[in-house]
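> Before anything else, here's the structure in question.
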Amino acid sequence: MRIPLIAGNWKMNTTVSEAVTLVNELRPGLDTIQNVDKVICPPFVSLAKVKELLQKSTTRLGAQNLYFEEKGAYTGEVSSLMLAELCEFVIIGHSERRQYFNETDPIINKKVKAALKAGLKPILCVGEKLTENEAGRTESIVTGQLELALAGVDNIDGLTAAYEPIWAIGTGKAASGKQANDVIALIRWVIGRLYGEKTAQATRILYGGSVTATNTAEFLNQPEIDGALVGGASLKADQFLSIVRQTAEIRDLFTR
Ligand code: PGA
């Protein structure tokens with residue numbers, strides 16, 4: 001049975017001092033919740049400080065991006081080697097990176113390889129645009145993104161996938177549980193085709209896009225959905241705690 005994972009993507013929010021405040025609000029509650037992997041992904045500049053604050057905590061740390069070269073003359077970039085000293089997870093291929101920073105599938109592929117090589121656990125995001133969804137192209141878009149992101153990657157141990165339909169991100173218009181479950185089942189099938197059934201069953205696949213404390217149960221009650229990548233609601237301690245708590249309760253029901 002896969003352990004659910006809830007990851008908070010803080011995006012470009014929180015100064016270092018605001019990040020400290022948010023972690024201090026989150027940590028006591030998060031630490032009491034078991035059987036869910038809890039990950040927070042603050043901006044790069046807060047990672048070192050948050051790592052300190054999370055010492056001896058069960059809450060784990062992730063970054064939101066990386067550059068695929070290990071070091072060198074790439075002004076302003078942050079590499080996998082730098083992150084590996086600070087955190088365990090890294091979000092790769094988020095649709096905002098694809099849209100605003102021109103990240104293509106081949107770039108994302110290099111980032112996945114760099115992360116895995118450095119021992120980081122990628123949270124690989126895929127998802128279709130509204131127009132693609134309306135044109136009935138969701139399955140081919142998601143399959144294509146996944147195949148290209150994983151091209152030449154022999155082993156995906158430690159990788160988590162996230163299905164994030166772009167039309168659902170930050171819009172308040174989440175997919176339905178059933179819609180998300182169907183696409184996630186497809187993602188698992190593609191992983192099975194590429195890496196075998198055992199790996200497909202072991203790989204966690206999250207849903208992301210307007211997840212809140214109100215709709216968490218709709219997603220987490222679906223058999224294929226192993227957790228959530230949460231944006232806006234991860235910036236509010238009470239919301240994020242409620243999402244993680246509900247996830248733990250649903251998991252207890254499944255395993256009872
Ligand atoms: P949202 O963002 O929860 O604010 O829709 C999700 C994400 O971008 O990962």
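> Taking 0.36 nm per residue of sequence separation and subtracting the Cα-Cα distance, how much length would be gained by fully extending the chain between GLU69 and ASN155, in nm to one decimal?
Difference between extended and current length: 29.0 nm.
> Then there's this: Can you compute log10 of I(q)/I(0) for the range 90-152 with the Debye formula, treating each Cα as one identical point scatterer, at q = 0.18 Å⁻¹?
Per q value, in the given order, log10 I(q)/I(0) is -0.62.
> Right, something else. In the chain, what percentage of the DSSP-assigned beta bridges are antiparallel, given to the nearest 5?
The antiparallel proportion sits near 0 percent.
> I would also like to ask the following. How far, in nm, would the chain grow between LYS198 and GLU25 when pulled straight, counting 0.36 nm per residue and subtracting the alpha carbon separation?
Separation in residues times 0.36 nm, less the Cα-Cα distance, equals 58.4 nm.
> Something else now. Counting helices only, and only those DSSP H runs with n ≥ 4, report the 222 nm mean residue ellipticity of the chain as the sum of -39,500 (n - 2.57) divided by its residues, in deg cm²/dmol to the nearest 500.
-13000 deg cm²/dmol
> Under the Kirkwood approximation applied to all pairs of distinct alpha-carbon atoms, what is the hydrodynamic radius of the chain in Å?
Hydrodynamic radius (Kirkwood, Cα pairs) of the chain is 18.1 Å.
> For the range 190-256, what is the convex hull (Cα atoms) projected area averaged across all directions, in square nanometres?
For the range 190-256, the mean projected area of the Cα convex hull comes to 5.0 nm².
> Turning to a different aspect of this structure: What is the Cα radius of gyration of the range 94-217 over 2.2 N^0.38 Å, N being its residue count?
For the range 94-217, the normalised Cα radius of gyration is 1.02.
> Follow-up question, since we're still on this one. Can you pull the percent of the range 1-69's accessible area that's carbon plus sulfur, 1.4 Å probe, other chains left in place?
Here it works out to 54 percent.
> For the range 213-219, just list the computed ³J(HN,Hα) in residue order, Karplus coefficients 6.51, -1.76 and 1.60, θ = phi - 60°, integers in Hz, with x standing in for Gly and Pro.
Karplus-based 3J(HN,Hα) across the range 213-219 equals 4, 6, 10, 3, 4, 4, 7 Hz.
> Could I ask something else about it? What spacing in nm lies between the two simple spin-label points modelled at GLN34 and ASP252, each 7 Å away from Cα in the Cβ direction?
The modelled label-to-label distance comes out at 1.1 nm.
> What is the distance, in nm, between label points placed 7 Å from the Cα along the Cα-to-Cβ direction at GLU147 and at LEU86?
3.6 nm
> Using a Förster radius of 30 Å, what is the FRET efficiency between ARG2 and SER176 based on their Cβ-Cβ separation? Nearest 0.05, please.
Approximately 0.90, to the nearest 0.05.
> Give me the log10 of I(q) over I(0) for the range 37-154 at q = 0.16 Å⁻¹, as the Debye formula computes it from C-alpha points; what are the numbers?
Each listed q corresponds, in turn, to -0.78.
> For the range 61-103, what size does the Cα cloud have along each of its three principal axes, sorted from largest down, in whole Å?
28, 27, 12
> I'd like to check one number: the per residue accessible area of the chain, probe 1.4 Å, reported in Å² as a whole number.
46 Å²
> Below 8 Å between Cα atoms, with a sequence gap of 6+, how large is the relative contact order for the range 5-255 in percent?
Computed over the range 5-255, the figure is 20 percent.
The values are calculated or read from the model by the stated rules, or taken from the named source; none is laboratory data. Here the structure is a predicted model, which is why all the values come from computation and not from measurement. Counting neighbours? That spans all protein chains shown, and the Cβs are built from the backbone with ideal geometry, glycine included. Remember, those area values only see protein heavy atoms, side chains included, never the ligands or the DNA or RNA. Shrake-Rupley method; radii C 1.70, N 1.55, O 1.52, S 1.80 Å.
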